[in-house]
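Every read-out reported here was derived from the displayed coordinates using simple, explicitly stated rules and does not represent laboratory data. The model shown is predicted, which means the values in this text are computed figures rather than measured ones. Cβ placement follows ideal geometry from the backbone for every residue including glycine, while neighbour counts extend to all protein chains displayed.
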Amino acid sequence: MMNISDIYHKFDQIGCLTFATIDKNIPQTRIAHLFAQDEEGLYFRTMITKAFYKQLQDTKKVSICGMYPKTMVSHNDEGMPYFPPGYTIRATGDIKEISLEELKTKAQKNDMFALGVKDIEKYPAMTTFCLYRAWGEVYDFDFEMEHRPHKLLRTGFAFGGSAIPFSGVRITDDCIACGECQEGCSFKAIYQQEDRFVIDPEKCDVCGDCYTVCPTDAIEIVINE
Ligand code: SF4
Ligand code: SF4
């Protein structure tokens, strides 16, 4: 299981990230970055004068995502979009505001926080939030299968007591083992297990190709189970 430090370094390699909040039922996004991590969580800053701050205070929740490497969409020989192998990462969860005094205490042991303190002393309207309970996923992709025989490797993570909900597709007992889904799965995510077929959630893109070909409707859609 990835720990907070592993998760931070995946985000930090990207740098600028998309932070999503909700404002009166309307989604809002902006670009920001994480500046520190410790055993309590992941840390970011904003100013108390921004709408972002009000949304964070109102909901106490945030969702963060990014992609590495940053890339322009080019096209392969077939004219389809081409992405060099890389990963996306997202984390969603609960946040709390951290006082300057708490930040200064952390800064005594960790230089990442010292830089945060320096920034706040320069810009007094700035404040810090900690994402202390969250779940998420690294979506490692190699769509052209340049380095391995499957396109995806998804790794879920959670910290602070959060569980990892499952969303995706799953084959039920109605499977008659005809194999049509496996034939059509370009992600190589379906394998046979005795007299039925199974979807490997770490390799599945939830593209739906199997769902549309199954003759017995044996594939179910699961959302946040
Ligand atoms: S297409 Fe449907 S019935 Fe056929 S193997 Fe796949 S899940 Fe089973
Ligand atoms: S949803 Fe797409 S990637 Fe997942 S098993 Fe079905 S065909 Fe394969």
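Given the residues PHE129, PHE159, PHE187, which is the only one that is over 20 Å from GLY93 (Cα atoms) and not charged (D, E, K, R)?
Answer to the selection: PHE187.
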Only one of GLY208, GLY168, GLY161 that is at positive phi, surrounded by 14 or more Cβ atoms within 10 Å (Cβ to Cβ), more than 9 Å from ligand 1 (Cβ to nearest atom) and in contact (Cβ under 8 Å) with a residue 24 or more places away in the chain:
GLY168
Filter region 62-88 down to residues that are in contact (Cβ under 8 Å) with a residue 60 or more places away in the chain, out of contact with any Ser or Thr (no Cβ under 7 Å at 6 or more places or on another chain) and surrounded by fewer than 18 Cβ atoms within 10 Å (Cβ to Cβ), then give me how many there are.
2
Out of (1) of a type in the set (Ser, Thr, Tyr); (2) in a strand (DSSP E or B); (3) within 14 Å of ligand 2 (Cβ to nearest atom), what's the single condition that is false for THR155?
(3)
All positions within region 30-47 that are out of contact with any helix residue (DSSP H, G or I) (no Cβ under 9 Å at 6 or more places or on another chain) and surrounded by 13 or more Cβ atoms within 10 Å (Cβ to Cβ)
PHE44
Going residue by residue through region 40-61, is there one that turns out to be without any contact (Cβ under 8 Å) to a residue 12 or more places away in the chain, among the polar types (S, T, N, Q) and within 29 Å of ASN224 (Cα to Cα)?
no
Test for LEU103: is it buried (at least 18 other Cβ atoms within 10 Å of the Cβ) and part of a helix (DSSP H, G or I)
yes
Which residues, taken from region 158-187, are closer than 23 Å to GLY136 by Cα and either part of a loop (DSSP other than H, G, I, E, B) or of a type in the set (Asp, Glu) (or both)?
GLY160, GLY161, SER162, ALA163, ILE164, PRO165, PHE166, SER167, PHE187
